[in-house]
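Everything on this sheet refers to the single structure shown next.
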Amino acid sequence: MIGNRTALAAAAFLALGIAVAGWSAGREVAQVRLADRFVTVKGSAEREVKANLALWPVRFVATSDDLSAVQAKTAADEKAVLAFLERYGLGADAVVSRSLDLVDLLAQAYRQGPADQRYILTRTLMIRSPDVERVDRASQNLAELLDQGVTLGGEPGMGSGPNYLFTRLNDVKTEMIAEATAKAREAATQFATDSGAVLGGIRRANQGLFQILARDEAPGIMESRQIDKIVRVVSTLDWELVD
């Protein structure tokens, strides 16, 4: 009899222990869920900027059946191009590289049919200048070179016009991140107020990538061809919500 009472007491104590443990575990789950209350918001910032560097491949072509004639024509064209650039304030220091490409059509193993001109000599001058306005003015007046008999061509992979770059991203990064974060905080505060909570600390932050976009977005217009650009960043932040 005593043994049965002892067994019953032990069973009751065990059941009570399980119940207490279950209640404690339930409290811990509730606390974890409460601690996981947060809101994810995005904040963006934009700046209108101007390109500060121009890269311009000026490419011109001469053709002839006489190699010496095509060489002489190319040399004369180069003088005309350099004089043209000088008139627009782009001196010899703006020419950072020169390349020369000669094609002998009769030397091509798989060519078929006659060649109108045997030799094609292509000269490319790479212009590099921080004065993007001067480069832009010069590029708008290439007809002057055509009037002098210079045959202009496009640069493979870069096109025939200047490419305008913005290289001063670090000058605006800090200010833009602060602005994007402030906008995200404003949105998170409004959400917390609407839900009857108080905004806590930042749980996680992702500043996002900076994008350099064309200011005037239109089909066929590339960002690199526009002097005026838009820098944009979108930050994603998680804020804790406190009751």
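Each row is one residue, and each column tells you yes or no for (1) touching a strand residue (DSSP E or B) at 6+ places or on another chain (Cβ under 6 Å); (2) within 27 Å of residue 50 (Cβ to Cβ); (3) polar (S, T, N, Q).
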position	(1), (2), (3)
145	no, yes, no
149	no, no, no
152	yes, yes, no
161	no, yes, no
170	no, yes, yes
182	no, yes, no
208	yes, yes, no
216	no, yes, no
225	no, yes, no
So residue 159, is it surrounded by fewer than 17 Cβ atoms within 10 Å (Cβ to Cβ), at pLDDT 90 or above, closer than 30 Å to residue 88 by Cβ and in the same structural domain as residue 73 (by the TED database): no
Filter result for residue 168 (within 27 Å of the chain's Cα centre (by Cα), basic (Lys, Arg) and assigned to a helix (DSSP H, G or I)): no
Checklist (1) under 24 Å from residue 128 (Cα atoms); (2) open to solvent by less than 60 Å² (accessible area, probe 1.4 Å); (3) touching a Lys or Arg at 6+ places or on another chain (Cβ under 7 Å); (4) at pLDDT 90 or above applied to residue 211, failing item: (2)
Complete set of residues in region 167-203 that are of a type in the set (Lys, Arg) and under 17 Å from residue 233 (Cβ atoms): 168, 173, 183, 185
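Rundown of residues vs (1) buried (at least 16 other Cβ atoms within 10 Å of the Cβ); (2) more than 28 Å from residue 138 (Cα to Cα); (3) of a type in the set (Val, Ile, Thr), yes/no style:
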site: 65; (1), (2), (3): no, yes, no
site: 71; (1), (2), (3): yes, no, no
site: 76; (1), (2), (3): no, no, no
site: 83; (1), (2), (3): no, no, no
site: 86; (1), (2), (3): no, no, no
site: 93; (1), (2), (3): no, no, no
site: 99; (1), (2), (3): no, no, no
site: 104; (1), (2), (3): no, yes, no
site: 110; (1), (2), (3): no, yes, no
Inter-residue pairs, beta-carbon under 7 Å, first within 14 Å of residue 173 (Cα to Cα) and in region 191-214, second modelled with pLDDT of 90 or more and assigned to a loop (DSSP other than H, G, I, E, B), 6+ apart: 210/169; 212/166
Qualifying position, being assigned by the TED database to the domain that holds residue 44 and in a strand (DSSP E or B), among 178, 205, 192, 188: 205
Residue within region 222-230 that is outside any strand (DSSP E or B), more than 30 Å from residue 130 (Cβ to Cβ) and not charged (D, E, K, R) present: no
Meets criteria (open to solvent by 70 Å² or more (accessible area, probe 1.4 Å) and either of a type in the set (Phe, Trp, Tyr) or within 18 Å of residue 43 (Cα to Cα) (or both)) for residue 203: yes
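The values are calculated or read from the model by the stated rules, or taken from the named source; none is laboratory data. Being a predicted model, the structure only gives us computed values, none of them experimental. Quick reminder, even Gly has a Cβ in these numbers, built from the backbone with ideal geometry, and neighbours come from all protein chains shown. Keep in mind that these areas ignore ligands, DNA and RNA; they rest on the heavy atoms of the full protein, side chains included. Shrake-Rupley method; radii C 1.70, N 1.55, O 1.52, S 1.80 Å.
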